[in-house]
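Presented below is the structure to which this report refers.
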Amino acid sequence: MNENFYAALKSVSPYRTLLDEQAGTSLVGLFGALERGEGEQAMDQYTALFEQITAAGWDSLGDWFLERMRYGVGPFAEAAARGEESEALAKAAEHDIGVFRRIALLPCRELKNAIAACLPESWGGAVQSLPEWQSRAEFDFNSVRQFYRVNGAGMFARYRAFTWNRSRLLPVEHPDFVPEEELWGYRLQRDKVVANTRRLIEGRSVNNVLLFGDPGTGKSATVKALLGMPGFENLRLIEVHKADLGDLGELIRMLAHRPQKFILFIDDLAFDKDDLTYSVLKSVLEGGLEPRPANVAVYATSNRRNLVKQNFSDRNGDEVDNRETIQEKTSLAERFGLRIPYTALNRNQFLDMVEELAAVRGIECDREVLRAEAVKWEMRHPNRTPRVALQFLASLQK
């Protein structure tokens, strides 16, 4: 080996945290041992490095480098994702990535020869029997920087769905969503949601969205299905529970200036009359001193058109300005620029949906019998919705 790779690794700066990981520590330890002529230590670090990168699912050191650079967090990755890297930072990152590339292309036989040179001749067979990883590096400085600019950095580049819990953003590795082609009915409503989301992806002005109406009509499924739509690869969905709305401002500040587009998804939203948390959401939707970033929109679903519950006593109480209080409570829904109703189907629409779903699922049944049984089923179950139709068909399948 002509290059002092131990010294090169010691000069790494923006990607220093990568070398603090287990495989990175073994890599530094390997070249450090070779530099000192400690053959046994070098052999130990080599085998540890092989075990660590293969346990992570890689057959090459270059692939491990690339994965950690893409999805790790560091000063250059964050700055490049925002398009704000300084000349000095870019130059330092280019140096680090060059070091990683040269090490990734280093053939294992050269490493093993260097280890053998530090050991007695009797160790030669053991050293040469050491396993080898592939020598390749499918990255350079420009490709890594371009990845950050297109996909962002860290967990936002790796994952598409998250939950916001107690001021922590938790990734969802395998989000649960129904593909758009498996959603039934409510095409007009879904088209409005998709069109608004496409404007968000394109960087245009968008409305916050409230989907309200009967349970089982597919309101939540409509929002989740956005993750699977072609052209929406830059979209990220973050589910926020009502209990965590108080920290919504903190989350929004975290998302600003990132290249991805974010939907903050609040499912089954409703407030009790004495719950003041709705004031936080009102401020985020419209009227707060801190504006909502252009890459963030709020989508909520609710079984209620007015999101704050009222009692008859609210309207007949002894408060002098109770009318203003009622208006203040009902104004939350009006802060959503796009309010889309999902109402239950009429009987003919419901029966037509049952027929269509039965055909898709290969359920063979006389048409009149199927419709008659569906009528009996919906009379015993609330609402004529896709959910009730699917439950009916499930009862027919053996």
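Values computed for the structure shown
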item	result
Rg(Cα)/(2.2 N^0.38 Å) for the chain, N = residue count	1.36
Farthest toward positive dipole pole in the chain [+1 Lys/Arg, -1 Asp/Glu at C-beta], among 395, 381, 228	381
Selected from 254, 43, 379 as most flexible by GNM, with the chain as the system and alpha-carbon contacts under 10 Å	379
With all protein chains modelled, accessible area of residue 44 [1.4 Å, Å²]	90
Inter-site label distance for residue 4 and residue 138 at 7 Å from Cα along Cβ, in nm	3.5
Residue of 284, 298, 375 that the Gaussian network model of the chain assigns the largest fluctuation, springs spanning Cα pairs under 10 Å	375
Only Lys, Arg (+1) and Asp, Glu (-1) charged, at Cβ; the range 136-221 dipole about Cα centre in debye	420
Choice from 360, 178, 194 with maximal GNM fluctuation in the chain (Cα, 10 Å cutoff)	360
Listed residue pairs exceeding 23 Å between alpha carbons, taken from 91/112; 219/376; 10/91; 192/242; 91/261	91/112; 219/376; 192/242; 91/261
1.4 Å probe accessible area per residue over the range 35-189, in Å²	52
Alpha-carbon centroid distance for the pair the range 353-397 / the range 60-138, whole angstrom	59
Globularity ratio of the range 1-48, using Cα Rg and 2.2 N^0.38 Å	1.10
Electrostatic dipole magnitude of the range 1-67 [Cβ: Lys, Arg +1; Asp, Glu -1; Cα centre; debye, to 20]	260
Cβ-defined net charge surrounding residue 231, 10 Å radius [Lys, Arg +1; Asp, Glu -1]	-1
Electrostatic dipole magnitude of the chain [Cβ: Lys, Arg +1; Asp, Glu -1; Cα centre; debye, to 20]	1240
Residue 105 accessible area, 1.4 Å probe, all protein chains in place, Å² to nearest 10	80
Share, in percent, of DSSP beta bridges within the range 109-262 that are antiparallel, nearest 5	45
Distance between modelled label sites at residue 122 and residue 254, nm, 7 Å Cα→Cβ extension	5.8
Interchain or long-range residues, amide H under 5 Å from residue 342's placed H	212, 213, 214
Cβ-based net charge around residue 361, under 12 Å, with every Lys or Arg adding one and every Asp or Glu removing one	-4
Gain upon complete extension [residue 352, residue 381; 0.36 nm per residue less C-alpha separation]	8.7 nm
Table column - 3J(HN,Hα) (Hz), the range 363-374, Karplus curve with 6.51, -1.76, 1.60, x for Gly and Pro	8, 9, 7, 4, 4, 5, 5, 4, 5, 5, 5, 5
Principal-axis tilt of helix 61-71 within the chain, Cα atoms, nearest 10 degrees	40
Computed P(r) (all Cα pairs; the range 2-136; 5 Å bins; percent)	2, 10, 20, 23, 19, 12, 7, 4, 2, 1, 0, 0
Listed residue (74, 104, 123) projecting farthest to the positive dipole end of the range 38-196, Cβ model	74
Beta bridges per DSSP with both ends in the chain, % antiparallel, nearest 5	15
Exposure ranking of 69, 1 by accessible area [1.4 Å probe, largest first]	1, 69
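The values are calculated or read from the model by the stated rules, or taken from the named source; none is laboratory data. Everything quoted here is computed from the prediction, not taken from an experiment. So basically every Cβ, Gly included, is an ideal-geometry build from the backbone, and we count neighbours across all protein chains shown. For the accessible areas, the whole protein counts, side chains as well, though only heavy atoms, and no ligand, DNA or RNA atoms are used. Shrake-Rupley method; radii C 1.70, N 1.55, O 1.52, S 1.80 Å.
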